[in-house]
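The values are calculated or read from the model by the stated rules, or taken from the named source; none is laboratory data. Computed from a predicted structure; not experimentally measured. Here Cβ is always computed from backbone atoms with ideal geometry, including for glycine, and neighbour counts include all displayed protein chains.
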Amino acid sequence: QLAAQLGLNRSTVHAAMAELQALGVVQTAHGGGTRVTAASWSTLLAASPDWRDWVAAGEFTANQPLIQTINQREPTVPIRLSTGELGPDLLPKQRVQAAMIQAANHMTTLNYLPARGSLALREALVERLHRWGITTTPDNVLITSGSLQALQLITAGLLEPGATVYTAPASYLRSLRVLEAVQAKWVPVPVDGEGLAYWHIPQTTGAQLLYTVPTFANPLGTVTSVQRRRDLLDFAQRRRLPIIEDSAYQNLWLAERPPEPLKAHDRHGNVLYLGTVSKDLAPGLRVGWLVGPSAVVARLADIKMQMDYGASSLSQMTLTALFRAPDFDAAQTTLRNRLRERRDAALAALTAELTGLATWNRPTGGFYIWVQLPAQVELNRLFQAALQAGVLINPGTVYGTTERALRLSYAYATPADFRQGVRVLARLIQDQLR
Ligand code: PMP
């Protein structure tokens with residue numbers, strides 16, 4: 001009756017009644033009939049701020065709708081060509097388990113650690129970074145909750161509103177909203193076969209910095225050449241341009257070891273270097289690090305103290321035990337070998353299924369293949385149709401480019417699933433070209 005009076009459909013009224021019942025403001029009279037008392041209405045109204053206004057008001061803007069969809073669907077979709085993480089069969093569960101037991105047996109504290117991180121872990125990192133030509137001290141290392149947090153700390157601590165951030169035309173940074181809190185301006189810098197064509201960066205006043213992933217970039221899969229690294233660093237030093245060097249994929253080479261990071265040749269402290277265990281060990285540990293001048297590390301550690309009192313001490317102890325384990329380096333070699341098999345299987349699948357329909361690069365490390373599609377293909381349609389067929393992909397738009405391209409990851413899906421996923425994509429692309 002009420003539904004008819006209000007012109008609503010019955011299920012809407014039922015749902016509303018159920019919600020009111022759950023809130024405990026509905027009275028059911030003996031002779032039948034359900035009502036909301038005047039007293040309950042006033043309780044209800046008094047108790048309910050309009051959360052939609054609040055939700056719209058926060059400083060952090062919402063993620064792009066497309067990324068929200070990817071994030072929501074990722075846990076349940078059958079074939080994940082989107083996921084930039086090691087698949088369950090590649091994650092080192094037993095080694096992490098052993099390290100956790102080791103950490104538990106030698107647990108030094110359950111208290112907060114210093115906000116900049118455990119000294120034992122920073123020492124272990126200093127030693128590991130040295131193997132990459134980076135000479136540093138524990139005072140120059142800040143442990144973060146993943147390198148995403150390092151980017152947040154940089155934004156909060158170092159960037160003035162309206163700062164300019166230069167990045168590759170398709171860049172991981174473009175898929176994040178992290179810099180928007182300070183209204184940073186994105187400016188794409190063209191790339192060529194060797195890396196960023198830095199000479200396009202204009203000489204302007206105001207705060208500006210460069211964000212780059214020189215080794216096995218996300219999403220392009222490229223490696224900046226040795227010469228370009230040198231020239232880029234020279235340029236940055238002449239311009240006094242700070243560089244954020246994000247080296248998340250550095251350990252995952254599949255051919256020869258990649259060139260030394262920019263940080264290894266950073267004589268004047270231009271480079272803030274970011275590392276993480278998320279790509280070659282376990283993203284669930286939530287541990288990353290920033291290496292930079294001590295004034296920067298002190299400033300960011302102070303902010304980290306105010307934000308979360310420091311990264312999880314249990315994760316830090318576990319990671320310290322992992323680094324100390326005698327089989328650590330051998331296990332990394334095994335991981336590279338298995339990832340190489342996946343990369344090769346992925347490239348073979350692309351050749352078999354997408355020849356003539358798309359072009360792609362042959363990555364020499366990391367997780368990603370950048371697949372370029374004909375201009376007629378509508379990416380959004382392809383994304384939706386693939387999702388319906390149980391295949392999740394990351395369209396290039398996620399990374400801020402208008403190119404008709406996809407980022408496919410061979411790290412998560414098994415080779416059989418990858419092949420099946422690419423077969424579905426081939427069919428859908430053909431449908432669009434018809
Ligand atoms: N940098 C790059 C280039 C990445 O691809 C990722 C993970 N997608 C991260 C940083 C962040 O990883 P985490 O916060 O887990 O360390």
> With Leu347, Leu339 as the choices, which residue is farther than 20 Å from Ala99 by Cβ, within 16 Å of the ligand (Cβ to nearest atom), among the hydrophobic types (A, V, I, L, M, F, W, C) and out of contact with any strand residue (DSSP E or B) (no Cβ under 7 Å at 6 or more places or on another chain)?
Replying inline: Leu339
> Wholly within region 232-315, which strands (runs of 3 or more DSSP E) include no fewer than the required count, namely at least 3 residues that are touching a residue at least 60 places away in the same chain (Cβ under 8 Å)?
Replying inline: 271-276, 288-291
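Any idea which of Gly292, Gly288 is within 11 Å of the ligand (Cβ to nearest atom) and within 27 Å of Tyr368 (Cβ to Cβ)? Can you show your working first?
Details: Gly292 fails: within 11 Å of the ligand (Cβ to nearest atom).
Sole residue among the options that is within 11 Å of the ligand (Cβ to nearest atom) and within 27 Å of Tyr368 (Cβ to Cβ): Gly288.
How many of the residues making up region 355-392 are surrounded by 22 or more Cβ atoms within 10 Å (Cβ to Cβ) and not in a loop (DSSP other than H, G, I, E, B)?
Filtering region 355-392 down to residues surrounded by 22 or more Cβ atoms within 10 Å (Cβ to Cβ) leaves 363, 365-371, 373, 383, 386, 391-392.
The next check asks that each one be not in a loop (DSSP other than H, G, I, E, B); those that pass are 365, 368-371, 383, 386, 391-392.
Total satisfying the criteria: 9.
Any idea which of Asn71, Asn63 is within 16 Å of the ligand (Cβ to nearest atom), closer than 30 Å to Leu220 by Cα and without any contact (Cβ under 8 Å) to a residue 12 or more places away in the chain? Step through it out loud before you land on a result.
On the way: Asn63 fails: without any contact (Cβ under 8 Å) to a residue 12 or more places away in the chain.
Selected residue: Asn71, the only one of Asn71, Asn63 that is within 16 Å of the ligand (Cβ to nearest atom), closer than 30 Å to Leu220 by Cα and without any contact (Cβ under 8 Å) to a residue 12 or more places away in the chain.
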> Restricting attention to region 131-143, and to residues there that are under 20 Å from Glu260 (Cα atoms) and aliphatic (A, V, I, L, M), which single residue is farthest from the ligand (Cβ to nearest atom)?
Replying inline: Ile134
> So which of Arg116, Arg122, Arg128, Arg73 is under 23 Å from Trp370 (Cβ atoms) and of a type in the set (Lys, Arg)?
Replying inline: Arg73
> Name the residues in region 399-427 that are crowded, with 21+ Cβ neighbours inside 10 Å and part of a helix (DSSP H, G or I), would you?
Replying inline: Tyr399, Phe418, Gly421, Val422, Leu425
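When you look at Leu210, is it within 16 Å of the ligand (Cβ to nearest atom) and either surrounded by fewer than 23 Cβ atoms within 10 Å (Cβ to Cβ) or modelled with pLDDT of 95 or more (or both), yes or no?
On the way: within 16 Å of the ligand (Cβ to nearest atom): yes; either surrounded by fewer than 23 Cβ atoms within 10 Å (Cβ to Cβ) or modelled with pLDDT of 95 or more (or both): yes.
Against the criterion (within 16 Å of the ligand (Cβ to nearest atom) and either surrounded by fewer than 23 Cβ atoms within 10 Å (Cβ to Cβ) or modelled with pLDDT of 95 or more (or both)), Leu210 qualifies.
Any residue at all in region 374-385 that is within 20 Å of the chain's Cα centre (by Cα), free of Cβ contacts under 8 Å to residues at least 60 places away in the same chain and more than 19 Å from Val77 (Cα to Cα)?
Of all residues in region 374-385, those within 20 Å of the chain's Cα centre (by Cα) come to 383.
Next, from what is left, pick out any that are free of Cβ contacts under 8 Å to residues at least 60 places away in the same chain: none.
So far as region 374-385 goes, no, none of its residues is within 20 Å of the chain's Cα centre (by Cα), free of Cβ contacts under 8 Å to residues at least 60 places away in the same chain and more than 19 Å from Val77 (Cα to Cα).
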> When only residues in region 216-231 that are within 16 Å of the ligand (Cβ to nearest atom) and part of a loop (DSSP other than H, G, I, E, B) count, which is surrounded by the most Cβ atoms within 10 Å (Cβ to Cβ)?
Replying inline: Pro219
>> Go through region 91-115 and report how many residues are of a type outside the set (D, E, K, R) and either closer than 23 Å to Asp280 by Cα or part of a helix (DSSP H, G or I) (or both).
In response: 13
>> Looking only at region 141-174, how many residues end up being surrounded by fewer than 21 Cβ atoms within 10 Å (Cβ to Cβ) and in a helix (DSSP H, G or I)?
In response: 5
> Among (1) surrounded by fewer than 16 Cβ atoms within 10 Å (Cβ to Cβ); (2) under 30 Å from Val277 (Cα atoms), which single condition is Pro395 missing?
Replying inline: (1)
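Name every residue in region 350-388 that is of a type in the set (Gly, Ala, Ser) and either in contact with a Leu (Cβ under 7 Å, 6 or more places away or on another chain) or closer than 23 Å to Ala248 by Cβ (or both), in order of residue number. Explain how you work it out, then say what you get.
Filtering region 350-388 down to residues of a type in the set (Gly, Ala, Ser) leaves 352, 356, 358, 365-366, 375, 385-386.
Matches in region 350-388: Ala358, Gly365, Gly366, Ala385, Ala386.
Which residues, counting only those in region 121-133, are touching a Phe, Trp or Tyr at 6+ places or on another chain (Cβ under 9 Å) and surrounded by 18 or more Cβ atoms within 10 Å (Cβ to Cβ)? Write out each step before concluding.
First pass over region 121-133, keeping only residues touching a Phe, Trp or Tyr at 6+ places or on another chain (Cβ under 9 Å): 121-122, 124-125, 127-129.
Across region 121-133, the qualifying residues are Leu121, Arg122, Ala124, Leu125, Leu129.
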> For Ala99, which of the numbered conditions (1) hydrophobic (A, V, I, L, M, F, W, C); (2) at pLDDT 95 or above; (3) within 14 Å of the ligand (Cβ to nearest atom) fails to hold?
Replying inline: (3)
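In region 180-207, what residues are loosely packed, with under 15 Cβ neighbours inside 10 Å, in contact (Cβ under 8 Å) with a residue 40 or more places away in the chain and in a loop (DSSP other than H, G, I, E, B)?
First, the residues of region 180-207 that are loosely packed, with under 15 Cβ neighbours inside 10 Å: 180, 183, 185, 190, 192-193, 197, 199-200, 202-206.
Subsequent filtering for residues that are in contact (Cβ under 8 Å) with a residue 40 or more places away in the chain retains 180, 204, 206.
Across region 180-207, the qualifying residues are Thr204, Gly206.
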>> Within region 269-284, does at least one residue satisfy the condition of being acidic (Asp, Glu) and away from the ligand (no atom under 16 Å from the Cβ)?
In response: no
> Among the residues of region 144-167 satisfying the criterion of being in contact with a Ser or Thr (Cβ under 7 Å, 6 or more places away or on another chain) and not polar (S, T, N, Q), which is farthest from the ligand (Cβ to nearest atom)?
Replying inline: Leu153
